[in-house]
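Trainee: So that we are looking at the same thing, I have put the structure below in structure tokens.
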Amino acid sequence: MKDIYYNPAQIQQQSLFDSTDNIKEDRTPEDLLFQVMLDLGILLSSKIEEKTIAGKKVFNVADGFLIACFDNDVTEKTVKAVAQEKPYYAVFRDSSMANDSVATNFEQIFATYSPETVRKVL
């Protein structure tokens, strides 16, 4: 993740545009996955399966305990398909949502199909 702790006197209007994505540019989806696993206390030795759900690459960790998607242009179809898998944890990248509608409906989709899932957006 990018350093986000700034002194207000150091902020310039142009630098606000640099804050649209909170993840460092050189990070791969695997980097994000391992960071999420560490944050959630999931063993790095857990079984990790890459698969495609609704056209997007997702990581299925520990047989559905965690499902994570860091692809770009994630649609409601992808979010719904992940929710229907009923993982314990579901993690997406905020900047990867296809549009504001997907971001807005994200919680409602999970509330409908898998209300028990713990959701996290990076």
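Trainee: Among the residues of the stretch 74-87, are any farther than 21 Å from LEU40 by Cβ, touching a helix residue (DSSP H, G or I) at 6+ places or on another chain (Cβ under 8 Å) and not in a helix (DSSP H, G or I)?
Mentor: Yes, there is a match, as at least one residue in the stretch 74-87 is farther than 21 Å from LEU40 by Cβ, touching a helix residue (DSSP H, G or I) at 6+ places or on another chain (Cβ under 8 Å) and not in a helix (DSSP H, G or I).
Trainee: Mind listing whichever residues of the stretch 49-65 are within 22 Å of GLU116 (Cβ to Cβ) and in contact with a helix residue (DSSP H, G or I) (Cβ under 8 Å, 6 or more places away or on another chain)?
Mentor: Within the stretch 49-65, ILE53, ALA54, VAL58, PHE59, VAL61 qualify.
Trainee: Taking SER45, is it surrounded by 13 or more Cβ atoms within 10 Å (Cβ to Cβ) and over 16 Å from the mean Cα position of the chain (by Cα)?
Mentor: no
Trainee: Same structure, new question: Quick check on my filter: what residues within the stretch 54-73 are over 12 Å from the mean Cα position of the chain (by Cα) and crowded, with 19+ Cβ neighbours inside 10 Å?
Mentor: Within the stretch 54-73, LYS56, ASN60, VAL61 qualify.
Trainee: Can you spot a residue in the stretch 30-48 that is modelled with pLDDT of 90 or more, assigned to a strand (DSSP E or B) and not polar (S, T, N, Q)?
Mentor: Yes, there is a match, as at least one residue in the stretch 30-48 is modelled with pLDDT of 90 or more, assigned to a strand (DSSP E or B) and not polar (S, T, N, Q).
Trainee: Let me ask another. From the list ALA98, ALA68, pick out the single residue that is touching a residue at least 24 places away in the same chain (Cβ under 8 Å), hydrophobic (A, V, I, L, M, F, W, C), touching an Asp or Glu at 6+ places or on another chain (Cβ under 6 Å) and over 17 Å from THR112 (Cβ atoms).
Mentor: Result of the check over ALA98, ALA68: ALA98.
Trainee: Within the stretch 104-121, work out how many residues are in a helix (DSSP H, G or I), more than 16 Å from the chain's Cα centre (by Cα) and buried (at least 16 other Cβ atoms within 10 Å of the Cβ).
Mentor: The qualifying residues number 1.
Trainee: For the stretch 96-103, does any single residue satisfy the condition of being at pLDDT below 95, of a type in the set (A, V, I, L, M, F, W, C), outside any helix (DSSP H, G or I) and on the phi > 0 side of the Ramachandran plot?
Mentor: No; the residues of the stretch 96-103 include none that is at pLDDT below 95, of a type in the set (A, V, I, L, M, F, W, C), outside any helix (DSSP H, G or I) and on the phi > 0 side of the Ramachandran plot.
Trainee: Looking only at residues that are closer than 11 Å to THR78 by Cα and buried (at least 20 other Cβ atoms within 10 Å of the Cβ) in the stretch 90-103, which one is farthest from the chain's Cα centre (by Cα)?
Mentor: Here the residue is MET97.
The values are calculated or read from the model by the stated rules, or taken from the named source; none is laboratory data. Given the structure is predicted, the values throughout are model-derived calculations rather than measurements. Glycine gets a Cβ as well: all are built from the backbone with ideal geometry, and neighbour counts include every protein chain shown.
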